[in-house]
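Colleague: This structure is in structure tokens; I'll ask about it shortly.
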Amino acid sequence: MTLEYMRRKPVLSHSPLFPTISAIVVAVLVPAFFAQAQAQALVSKNSSASQDKAAGKDDKDAPTVIRAEKISGRPERFINFDIDVEVVKGGTTLYADRATYRNLEDQLDASGHIRMQRYGDCYSGDTLSLQLDSGAGFVTHPVYKLLRSNAQGRAERIDFESEERSTIQQGTYSTCEGPDPDWYLRADTLKLDTGLDTGVAGKSVVIFKGVPIMATPALTFPLSGARHSGLLPPVLGASSKGGPELTLPYYFNIAPNRDLTVYPKLIAQRGLQLGLEGRYLGETYAGETSVEGLSNDRQTGTNRYALASVHQQKLLPQLDFSWNINTASDDDYPADFSRSITKTAQRLLLREVNLVYYGAFWNAALRTSNYQVLQDAAAPIARPYDRMPQLQLHAEQHDVLGLDWSLDTMLTRFWHPSMVRGDRAVFNPQVSLPLVQPGYFVVPKLSLHASNYHLQNQAPGQDVDFHRLVPTFSLDSGLVFERPASLFGQDLTQTLEPRLFYVKTPYRDQSAFPNFDSALADFNFAQIFSENRYTGHDRIGDSNQITAALVSRYIEGSGDESLKLAIGQRFYFNTQRVSLDNSVNPSRSDLLLAAAGKLSPSLSGELALQLSQTDHQSVRANYGLRWQPAPKSVLNAAYRFQRGTLEQVDFSAQWPLAQRWYAVGRSNYSLLDKKLVDSLGGFEYKDDCWSFRFVAQRFATSSAVSTTAFFIQLELNGLARLGSNPIDVLKRNISGYQPINER
């Protein structure tokens, strides 16, 4: 039986189990709708099930609705649809000039101005064949656009293997808009899997601005920026120490919480360096390990290597374990491999293992640590003592009958290959009575520092046991005044906060004591309110002193500080006798001045000044300004001074030059040595679907040696980053830098 209807909307309810009944229903009922303006057919494998389920991507029983101006054929075998054909099946909508539905195969063939929307993706082509239930099929000479990755392209043919998998034959791929994209990937085959979020290109070429820039037999990339196993784009770079460099990394996405990157690097003047980087993250553990090595360095004739590993783990709810292990093959490794896992100027490589148990108000820690010293011949440094091991207990409680108390006790074995070694036990209890009110505070505190030493390799005739018991009394007090004020036309709250801090510690002769870990603390606003002027536990400074400071803050209604001003000085009532270098302190300390605040919404500054009260000259000074009128627009200027050792000016910037163009740079110049210490310069360009960066950097790798490195990177949005990445370098060198791809 042949059916032919025009300008009708009949409903064909077809089941392969009842072809005869379907034909009778069509023959009898369709003429009753002859007055309708358009023909419509409904083809369903199970009409009752399709009424119970909503149409959607994963609904295999969703009905297939086909509309057309003209319908003809044999319903039990095939139906032809002509003129303005529209097919809707779950998440797929198809438009064509003509189509044929084959009942037994559940297959739809369409031709003429094919337009298809498939779960958000769009396709247009010449002909199409599609199995409606499985989603398998193909489209010829398609132009496509993918919703998830915002990618587009054209091909000879696209084969749909399922709803999630498809293969593009002899096609292109790009995230650029328009018919003539700035870049595109051309591949013999391009397999896309939205379920795995992966694209795999075979025999592919990346073309940028009409020029082929990379060819590869296989390329894997994520469709949404997620992590996937595969060969990463090559990284090109250069340095003055090794010449041109080429890295071909391969990424293994072992699991959502584990990955491994293998990065063989060919260094022109040195040879082939092989590196591994593994990362892992779990509910109770996390860590990262990097190792790299170079066999038979062409310049030194030796094997070179470096290792860096960190790990944290909760063994029990109250027990933590961690390590931090770093090592390098030789002293010159950071200078020769400036982009290595050992940081450029790092000379002390820590190796440490910790075990910490947490109680209700206390914790106990077992630690072992030592350092590998990478010596700079022009500026040698002393090797720190190894702690082999150190056992520490800390406990504290607040508001116990109005008192705060704490206890620190440590037992440490110090080892050194050439200096005095020994054991040290420290017992340090403290108790205070905080009297705190909204307008003032008074905190008297008592502490006791008891220590015992047993030395192992003293010279003949010298003592091997030392004991020390040093009490300390301190009294910290301050007032807080507030008043309404205005600054730069803004209503603010101004505070005035005077503070006095008194410390009394009797003298104990410590000249014969070893020095395992003590040094004179840095003099700043935090240190002048501490009881001991030394760090560590080998020197407890005698003191009878008072510190006076005055702080004023301008606070906005939101609670943010608009401006902070501070002045402070320490006054001594005795001649301090405990020292590390037999120096004699004056009757009062240097004067400290500090200021920090926002001069406008886009301009901020800070100042820190240390003035000698003996000769009325600056001892140290730091000045800084930042102007950031808009995102990705920042100018920084800084001046640093330390009498006799340091005087530098530092300028850095990220600034738009023109539409899409940004300049980046930094210059750190030593006025004392009359030379550049560090410098960086380059530019960035941001387009809609790609960005480009070129950065040159010169930096010191030792006191007498500098290295120049070049970073060139082309970032193709949604595909790959080609070249060496300078983002971390820019963030470290330019305060306030923002990557141009961030919104």
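Colleague: Scan region 138-151 residue by residue and report those that are surrounded by fewer than 21 Cβ atoms within 10 Å (Cβ to Cβ) and either in a loop (DSSP other than H, G, I, E, B) or not aromatic (Phe, Trp, Tyr) (or both). Quick ask: steps written out before the conclusion?
Modeller: At the first step, the residues of region 138-151 found to be surrounded by fewer than 21 Cβ atoms within 10 Å (Cβ to Cβ) are 138, 140-141, 143, 145, 147-148, 150.
Once the filter is applied, which keeps residues that are surrounded by fewer than 21 Cβ atoms within 10 Å (Cβ to Cβ) and either in a loop (DSSP other than H, G, I, E, B) or not aromatic (Phe, Trp, Tyr) (or both), region 138-151 yields Thr140, His141, Val143, Lys145, Leu147, Arg148, Asn150.
Colleague: Quickly run through region 507-548 and pick out the residues that are under 19 Å from Phe414 (Cβ atoms) and either in a strand (DSSP E or B) or among the small types (Gly, Ala, Ser) (or both).
Modeller: Initial filter on region 507-548 (under 19 Å from Phe414 (Cβ atoms)): 510-519, 534-540.
Answer for region 507-548, where residues must be under 19 Å from Phe414 (Cβ atoms) and either in a strand (DSSP E or B) or among the small types (Gly, Ala, Ser) (or both): Ser511, Ala512, Ser518, Ala519, Tyr534, Thr535, Gly536.
Colleague: So Pro181 passes all but one of these: (1) of a type outside the set (Ser, Thr, Tyr); (2) surrounded by 18 or more Cβ atoms within 10 Å (Cβ to Cβ); (3) part of a strand (DSSP E or B); (4) modelled with pLDDT of 90 or more. Which condition number does it fail?
Modeller: (3)
Colleague: Within region 365-376, is even one residue within 19 Å of Ser451 (Cβ to Cβ) and crowded, with 16+ Cβ neighbours inside 10 Å? Quick ask: steps written out before the conclusion?
Modeller: Keep residues of region 365-376 that are within 19 Å of Ser451 (Cβ to Cβ), which gives 365, 367.
Of the ones still in play, those that are also crowded, with 16+ Cβ neighbours inside 10 Å are 365, 367.
There is at least one residue in region 365-376 that is within 19 Å of Ser451 (Cβ to Cβ) and crowded, with 16+ Cβ neighbours inside 10 Å.
Colleague: Also, I was wondering about something else. Within region 554-620, considering only strands (runs of 3 or more DSSP E) that don't extend past its boundaries, which have at least 1 residues that are out of contact with any strand residue (DSSP E or B) (no Cβ under 9 Å at 6 or more places or on another chain) and modelled with pLDDT under 90?
Modeller: Values: elements: 561-572, 591-598, 603-611.
No strands (runs of 3 or more DSSP E) qualify here.
Colleague: Still on this model: I'm trying to understand the selection: among the residues of region 408-422, which are outside any loop (DSSP other than H, G, I, E, B) and under 41 Å from the mean Cα position of the chain (by Cα)?
Modeller: Residues of region 408-422 that are outside any loop (DSSP other than H, G, I, E, B), as a first pass: 408-415, 422.
Answer for region 408-422, where residues must be outside any loop (DSSP other than H, G, I, E, B) and under 41 Å from the mean Cα position of the chain (by Cα): Asp408, Thr409, Met410, Leu411, Thr412, Arg413, Phe414, Trp415.
Colleague: Within region 119-138, can you find the residues that are among the hydrophobic types (A, V, I, L, M, F, W, C) and over 15 Å from Lys89 (Cβ atoms)?
Modeller: Matches in region 119-138: Cys122, Phe138.
Colleague: Of the residues Ser518, Ser558, Ser530, which is closer than 29 Å to Asn582 by Cα and surrounded by fewer than 16 Cβ atoms within 10 Å (Cβ to Cβ)?
Modeller: On the way: Ser518 fails: surrounded by fewer than 16 Cβ atoms within 10 Å (Cβ to Cβ); Ser558 fails: closer than 29 Å to Asn582 by Cα.
Answer to the selection: Ser530.
Colleague: All but one of (1) more than 30 Å from Ser602 (Cβ to Cβ); (2) part of a strand (DSSP E or B); (3) open to solvent by 40 Å² or more (accessible area, probe 1.4 Å); (4) among the charged types (D, E, K, R) hold for Arg468; which doesn't?
Modeller: Among (1) more than 30 Å from Ser602 (Cβ to Cβ); (2) part of a strand (DSSP E or B); (3) open to solvent by 40 Å² or more (accessible area, probe 1.4 Å); (4) among the charged types (D, E, K, R), the lone unmet condition for Arg468 is (3).
Colleague: If Val436 meets every condition in (1) of a type in the set (Val, Ile, Thr); (2) outside any loop (DSSP other than H, G, I, E, B); (3) surrounded by 12 or more Cβ atoms within 10 Å (Cβ to Cβ) apart from one, which number is that one?
Modeller: Of everything listed in (1) of a type in the set (Val, Ile, Thr); (2) outside any loop (DSSP other than H, G, I, E, B); (3) surrounded by 12 or more Cβ atoms within 10 Å (Cβ to Cβ), Val436 misses just condition (3).
Colleague: Within region 313-337, take every residue that is under 30 Å from Leu355 (Cα atoms) and of a type in the set (Phe, Trp, Tyr) and give me the one that is least open to solvent (accessible area, probe 1.4 Å).
Modeller: Among those that are under 30 Å from Leu355 (Cα atoms) and of a type in the set (Phe, Trp, Tyr), it is Phe321.
Colleague: Separate question: Filter region 230-250 down to the residues that are in a loop (DSSP other than H, G, I, E, B) and open to solvent by less than 30 Å² (accessible area, probe 1.4 Å) and list them by number.
Modeller: In the first step, residues of region 230-250 are kept if they are in a loop (DSSP other than H, G, I, E, B); the result is 232-234, 240-242, 248-249.
If the condition is that a residue be in a loop (DSSP other than H, G, I, E, B) and open to solvent by less than 30 Å² (accessible area, probe 1.4 Å), then Pro233, Gly242, Pro249 are the ones that fit.
Colleague: Same structure again: Output the number of residues of region 554-588 satisfying the condition of being more than 18 Å from Pro506 (Cα to Cα) and touching a Gly at 6+ places or on another chain (Cβ under 9 Å).
Modeller: 6
Colleague: I'm checking my understanding of the structure. Among residues of region 268-302 that are of a type in the set (Gly, Ala, Ser) and touching a Phe, Trp or Tyr at 6+ places or on another chain (Cβ under 8 Å), which one is nearest to Leu248 (Cα to Cα)? Walk me through it before giving the result.
Modeller: Of the residues in region 268-302, the ones of a type in the set (Gly, Ala, Ser) are 268, 271, 275, 278, 282, 286-287, 290, 293, 295, 301.
Remaining after also requiring touching a Phe, Trp or Tyr at 6+ places or on another chain (Cβ under 8 Å): 275, 286-287, 293.
On the way: Gly275: 11, Ala286: 27, Gly287: 24, Gly293: 15 Å.
The extreme case among them is Gly275.
Colleague: Go through (1) part of a strand (DSSP E or B); (2) out of contact with any Lys or Arg (no Cβ under 8 Å at 6 or more places or on another chain); (3) of a type outside the set (Asp, Glu); (4) open to solvent by 60 Å² or more (accessible area, probe 1.4 Å) one by one and return the number of the condition Ile158 breaks.
Modeller: The single condition Ile158 does not satisfy is (4).
Colleague: Which one is farthest from Ser670 (Cα to Cα), of the residues in region 624-656 that are surrounded by fewer than 17 Cβ atoms within 10 Å (Cβ to Cβ) and among the small types (Gly, Ala, Ser)?
Modeller: Ala630
Colleague: When you look at Asn428, is it surrounded by 14 or more Cβ atoms within 10 Å (Cβ to Cβ) and not acidic (Asp, Glu), yes or no?
Modeller: Values: surrounded by 14 or more Cβ atoms within 10 Å (Cβ to Cβ): yes; not acidic (Asp, Glu): yes.
Against the criterion (surrounded by 14 or more Cβ atoms within 10 Å (Cβ to Cβ) and not acidic (Asp, Glu)), Asn428 qualifies.
Colleague: Can you report the number of residues in region 108-127 which are modelled with pLDDT under 90, in a strand (DSSP E or B) and either open to solvent by 40 Å² or more (accessible area, probe 1.4 Å) or basic (Lys, Arg) (or both)? Step through it out loud before you land on a result.
Modeller: Here is the first cut: in region 108-127, the ones modelled with pLDDT under 90 are 118-121.
Narrowing the set further to residues that are in a strand (DSSP E or B) leaves 118, 121.
Checking which are either open to solvent by 40 Å² or more (accessible area, probe 1.4 Å) or basic (Lys, Arg) (or both) leaves us with 118.
Qualifying residue count, region 108-127: 1.
Colleague: Of the residues Ser679, Ser589, only one is of a type in the set (Ser, Thr, Tyr), surrounded by 14 or more Cβ atoms within 10 Å (Cβ to Cβ) and over 29 Å from Gln713 (Cβ atoms); which? Before you say what the answer is, go through the steps one by one.
Modeller: Numbers: Ser679 fails: over 29 Å from Gln713 (Cβ atoms).
Step by step, each of Ser679, Ser589 is checked, and only Ser589 is of a type in the set (Ser, Thr, Tyr), surrounded by 14 or more Cβ atoms within 10 Å (Cβ to Cβ) and over 29 Å from Gln713 (Cβ atoms).
Colleague: Another question, if that's okay. Say we look at region 390-416 and pick out the residues that are of a type in the set (Asp, Glu) and open to solvent by less than 40 Å² (accessible area, probe 1.4 Å); which of these is nearest to Tyr358 (Cα to Cα)?
Modeller: Our first condition is that a residue be of a type in the set (Asp, Glu); within region 390-416, this holds for 396, 399, 404, 408.
Subset that is open to solvent by less than 40 Å² (accessible area, probe 1.4 Å): 404, 408.
On the way: Asp404: 19, Asp408: 14 Å.
For region 390-416, the residue satisfying everything is Asp408.
Colleague: Failed condition for Glu606, given (1) among the acidic types (Asp, Glu); (2) open to solvent by less than 40 Å² (accessible area, probe 1.4 Å); (3) within 16 Å of Ser735 (Cβ to Cβ), with all others met?
Modeller: Every listed condition holds for Glu606 apart from (2).
Colleague: On to the next question. Name the single residue that is nearest to Leu355 (Cα to Cα) among those in region 263-312 being crowded, with 16+ Cβ neighbours inside 10 Å and of a type in the set (Val, Ile, Thr).
Modeller: Among those that are crowded, with 16+ Cβ neighbours inside 10 Å and of a type in the set (Val, Ile, Thr), it is Thr289.
Colleague: Could you figure out which of (1) among the hydrophobic types (A, V, I, L, M, F, W, C); (2) more than 25 Å from Thr505 (Cα to Cα); (3) under 40 Å from the mean Cα position of the chain (by Cα) isn't true of Trp405?
Modeller: (2)
The values are calculated or read from the model by the stated rules, or taken from the named source; none is laboratory data. Please read these numbers as outputs of a predicted model, since none were measured by experiment. Quick reminder, even Gly has a Cβ in these numbers, built from the backbone with ideal geometry, and neighbours come from all protein chains shown. Areas reflect the complete protein model, heavy atoms only, side chains present, ligands, DNA and RNA absent. Shrake-Rupley method; radii C 1.70, N 1.55, O 1.52, S 1.80 Å.
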